[in-house]
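What follows is a set of notes on a single structure, which appears directly below.
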Amino acid sequence: MNIREVAWRLFSAELNGAVYEIKGEAEKSPSYAVTPLGAMVNRVLMAGVLTEKENVGTEDDPLWRGRVQDTLSGSFYINIGRFQPEAAEAIAGIDTPAYVAVVGKVRTYTTDDGRTFVSVRPETISVIDEPARDLWLLEAAESSWSRLKTMRKAISAGTADKKDLVSLGIREKDAEGVLIALDQYGTPNSMTYLKPIQNAIRTILPDHSIDLGLPEDIPDDYPDEIEIEPGSTARDNADMEDIVLRLLEELDTDGKGALREELESKAMVEGITSMELEEITNTLMDKGLVYEPNIRHLKRI
Amino acid sequence: MNKEDRITPLFEDLKKVLEGKVEDAQLRNTIKTYIEDYGVDENRAKAAIIKKFDPSTTSGFVTADTVSKKIGDLTGTEMNIDLTVKIVYVESREVSIRGKATPILSGIIGDDTGTCSFTIWDRDDITLIKGGTYSFRNAYTKLFRNQAQVNIGTRGKIEEVDADIDVRSTQMPSSEPTVAKIGDLTEGMGSVTVTGRILSIEARNVIANNEPKTVYSGIISDESGKVQYSAWNDFSLNEGDTIRVKNAYVRSWRGIPQLNMGDRTEVEKVDDNLIELDDTVNRRTVAEVINVGGAIDVEIDGMAIDLREGSGLIGRCPTCNRAVRDGECSLHGRVEPVADLRMKLIIDDGTGAISAIVDRGNTEGITGISLSEAERMSGDAGDPSVVSRRIAEIVLMRKVSVNGNVLSDEYGPTMIVKGISFKPVDVKAGAERLYEEMEATL
Ligand SMILES: [Zn+2]
């Protein structure tokens, strides 16, 4: 069964630290970026102010980059390519600045000199109003706080055994994430994650004096600029499935489906080998998204 | 174009290919079954029907060869397999598929490598006896809740085998007795004790294993949720009774757990005070529902984060009610579509995500856009997608409360929505609460 990945609500401070990725090994199994607080994130729901946008591709083959400021102290980056046509169309029509909500997949990208950056590849991006942004701030704050509490519980238990954590009332999946996070990043600096929560509460309650007693001079924890190449190597099965589905649509000019040879050469151009293509089309057939009207054609359902 | 016209060309084609291998009337009926009852694509139907009546043909269509498999080796993706199995448990019932009452046989089969559940679709020509050994041929499998399920469709065959096999019990019925809350019941529980109140009861006469029998069914609830039950004995159940059910077992239908009271089940009346039902009975998170596979009559609050394709102003075929694309019904060709409004939403509450299918009345209610207004918008713009875009603006990224039944199939969990409304959230109060908690903890 195909259970849709949950959309995590988290702040950029946590997202941008999620540089460790668990690659889906089996077919259909998704990849996860693990955050320093132990969230195993495939999809996110994030909101904030779209402050910058730029199409670094062409009009026909757009590659949009944008920067969204989610709290006073943080931003995250979005990248939209030709295989997210709805999101590409949407961002083209948004004037900066604007409150936006983004639902998308997390992508990690490692530069030649070994630095890893995290960005979001939106499935949808939409303009929202201020109350909707505030609601998101609250959900992200509650969700972050709950992860901080879980992390704290795990650290004070001082165990690296998942079963022990589960017996403390931590859900199995959370326990798994927490242990990976501790292993990869060590004990998190809670100030980094408390600060955006405090900022969020301050934004929602401007008339209250909100002070969690944090030092006010914590440096902002995000990179200034990131470069994402169009042909970036960080690509998983889900990406390739998307590409093949789009190609099937593009190549189906007469309603009979796409010719296999044409699909194969087009896929090659997208960097998908014929062996990979075979695997992907089998998966798509299993998922009921594609069928073979005859031996020469493949068609999207 | 009427529906006969869709069948006839196929019939003529197939008659030529299958010359003399099948009676005309039977062929015509088979085509109808594929095309009309199951909505099978014409080419797929052709291939399947040729294979059905002329198994020797390769016919140029791509079809997988049959392989013999053991239950323990099933992956849930097999298209065409043979199995020799013993019937561990079987029951017959009727389900509604696209509005048509369809008989199904379902239960558990086993061999020396394990057990799994099976379903035989729309085959009143098949009778299975518990404990009997059969060969299931041309079966296919699906993966459901990480377990393979064996299915026999129209082209499957079942033959009795004169042999006995030792069944290695892997999952059901599980012998370990468990006490459970109704909201935690899930497929695979084989000996479960629950305490709950009978909310409804209904008696039905059915034919099970060739004998007339009365089945009592209805809804039973505790504080954690509601579940459908069926009882194969008269336990003198009455509406409003609070009962403790021992040694019942759970079977799922499309992901929705059902409590079954069989021969080994004991039922006793208990003190009504043990169960106190209030408004919160139906409240669940998405994760809670997904964990058990499905549920009846639940209420979920979450963010509407996506409006899927096929939402907004759609056209339906006047004959079969399927959604049409570009004025073409997949069965009936070009039709004069009947306009309808609907939403296919993704609801995500931060614990998980489910699809929610919202009908016209509820769509009109929450969006404030009536069907006739939607038609006018579409007409003015010359493009029906203005309607779904407008709906997206109204509902997306807003918190909604939905209620209905949640079922699961290979596409994941889906709620058939009975009611939907915007859920007002007092963000300021929420932030105050969070701040207080953090201050107290830090
Ligand atoms: Zn039709």
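Over 19 Å between C-alpha atoms is what I'm after, so list which of A:K299/B:K157; B:K21/B:K52; B:K100/B:K344 land there. Too far apart for the 19 Å limit: A:K299/B:K157; B:K100/B:K344.
Summing -39500 (n - 2.57) over the DSSP H runs of n ≥ 4 in chain B and dividing by its residue number, what mean residue ellipticity at 222 nm do you reach, to the nearest 500 deg cm²/dmol? Don't jump to the answer; show the numbers that get you there.
Working: 8 runs with 88 residues, N = 442.
Calculated at 222 nm, the ellipticity per residue is -6000 deg cm²/dmol.
Divide the volume of the convex hull around the Cα atoms of the protein assembly as shown by the residue count and you get 191 Å³ per residue. Taking amide hydrogens as placed 1.01 Å from N in the peptide plane, the amide H of B:W253 sits under 5 Å from those of B:Q258, each at least 5 positions away in sequence or on another chain. Taken about its Cα centre, region B:205-250 carries a charge dipole of about 140 debye when Lys and Arg each add +1 at the Cβ and Asp and Glu each add -1 at the Cβ. Region A:241-280 and region B:301-355 have Cα centres separated by 27 Å.
Would you work out the Kirkwood radius for region B:67-160? I mean one over the mean of 1/r across all pairs of different Cα atoms, in Å.
One over the average 1/r among Cα pairs gives 13.2 Å for region B:67-160.
Each of B:V67, B:I35, B:V245 was placed along the dipole of chain B (beta-carbon charges, centred on the mean Cα), and the one lying farthest toward the positive end is B:I35.
Given axes a ≥ b ≥ c from the Cα gyration tensor, I'd like to know whether region B:286-427 is rounded (a/c under 1.5), prolate (a/b larger than b/c) or oblate. Don't jump to the answer; show the numbers that get you there.
On the way: a/c = 2.43, a/b = 1.46, b/c = 1.67.
Taking the square roots of the gyration eigenvalues as a ≥ b ≥ c, region B:286-427 is oblate.
The ranking of B:C320, B:C116 by Cβ neighbour count inside 10 Å, starting from the fewest, reads B:C320, B:C116.
Were the residues from B:E12 through B:R376 laid out at 0.36 nm apart, the gain over their Cα-Cα distance would be 126.7 nm. Helical content alone sets the calculated 222 nm signal of chain A at -12000 deg cm²/dmol, taking -39,500 (n - 2.57) per DSSP H segment of four or more residues and averaging over every residue.
Fraction of C-alpha pairs exceeding 37 angstrom in chain A: 21 percent, rounded to a whole number. In terms of other Cβ atoms within 10 Å, A:T124, A:T51 run from fewest to most in the order A:T51, A:T124. Value of Rg to Rh for region B:297-361, rounded to two decimals, is 1.10; Kirkwood radius and Rg both from alpha-carbon coordinates.
Karplus-derived 3J(HN,Hα) values for region B:420-429, using 6.51 cos²θ - 1.76 cosθ + 1.60 with θ = phi - 60°, are 9, 8, 5, 10, x, 10, 7, 5, 4, 4 Hz; glycine and proline are entered as x.
Would you mind giving the mean number of other chain beta-carbons within 10 Å of the Cβ of each residue in A:127-137, as a whole number?
Per-residue shielding by partner chains comes out at 3.
Residues whose amide H lies under 5 Å from that of B:V161, counting only those 5 or more places away or on a different chain, are B:T133, B:Y134, B:S135; hydrogens are built 1.01 Å from N in the peptide plane. Give me the dipole magnitude in Debye, nearest 20, for chain B about the Cα centre, with unit charges on the beta carbon: positive for Lys and Arg, negative for Asp and Glu. Value, rounded to 20: 980 debye.
Under the rule a/c < 1.5 gives rounded, and otherwise a/b versus b/c splits prolate from oblate, where does chain B land using the Cα gyration tensor? Let's see the in-between values first.
Details: a/c = 2.00, a/b = 1.10, b/c = 1.82.
Taking the square roots of the gyration eigenvalues as a ≥ b ≥ c, chain B is oblate.
The ellipsoid equivalent to the alpha-carbon distribution of region A:237-300 has semi-axes of 16, 13, 10 angstrom, derived from the gyration tensor eigenvalues as √(5λ) and listed largest first. For the protein assembly as shown, DSSP calls about 90 percent of its internal beta bridges antiparallel. Over all projection directions, the Cα-based convex hull of region B:104-233 averages an area of 9.3 nm².
I'd like the mean, over residues of A:200-209, of how many other protein chain beta carbons sit within 10 Å of each residue's own Cβ. If you can, show how the numbers build up before the last one.
On the way: counts 2, 7, 2, 1, 8, 6, 0, 1, 4, 0.
The per-residue average across the peptide is 3.
Relative contact order of chain A, taken over Cα pairs closer than 8 Å and 6 or more residues apart, is 17 percent. Scanning residues 5 or more positions from B:R168 or on other chains, those with amide H under 5 Å from its amide H are B:D111, B:D112, B:T113, B:G114, with H placed 1.01 Å from N in the peptide plane. Over region A:87-169, the hull volume per residue, using the convex hull of the C-alpha atoms, is 165 Å³.
What ranking of B:R334, A:R202, B:R93 emerges when the number of other C-beta atoms within 10 Å of each C-beta is taken as an exposure proxy, fewest first? Walk me through the numbers before you get to the answer.
Numbers: B:R334 11, A:R202 19, B:R93 16.
Lowest to highest Cβ neighbour count: B:R334, B:R93, A:R202.
Our summary gives region A:50-113 a relative contact order of 28 percent, counting only alpha carbon pairs under 8 angstrom and 6 or more residues apart. DSSP bridge analysis restricted to region B:286-427 gives an antiparallel fraction near 90%, rounded to the nearest 5. Charges were assigned to the Cβ only: +1 to each Lys and Arg, -1 to each Asp and Glu. The resulting dipole of the protein assembly as shown about its Cα centre is roughly 1660 debye. In chain B, Cα pairs under 8 Å separated by at least six residues give a relative contact order of 10 percent. In the calculated pair-distance distribution of region B:378-442, the portion above 21 angstrom amounts to 58 percent of the Cα-Cα pairs. Round to a whole angstrom and tell me the spacing of the C-alpha centers of region A:119-191 and region B:118-140. One Cα centre to the other: 48 Å.
Since every read-out is calculated from the coordinates, none of them should be taken as a lab result. Quick caveat: nothing in here was measured; it's all calculated off a predicted structure. Cβ coordinates were reconstructed from backbone atoms using ideal geometry, including for glycine residues, and neighbour counts include every protein chain displayed.
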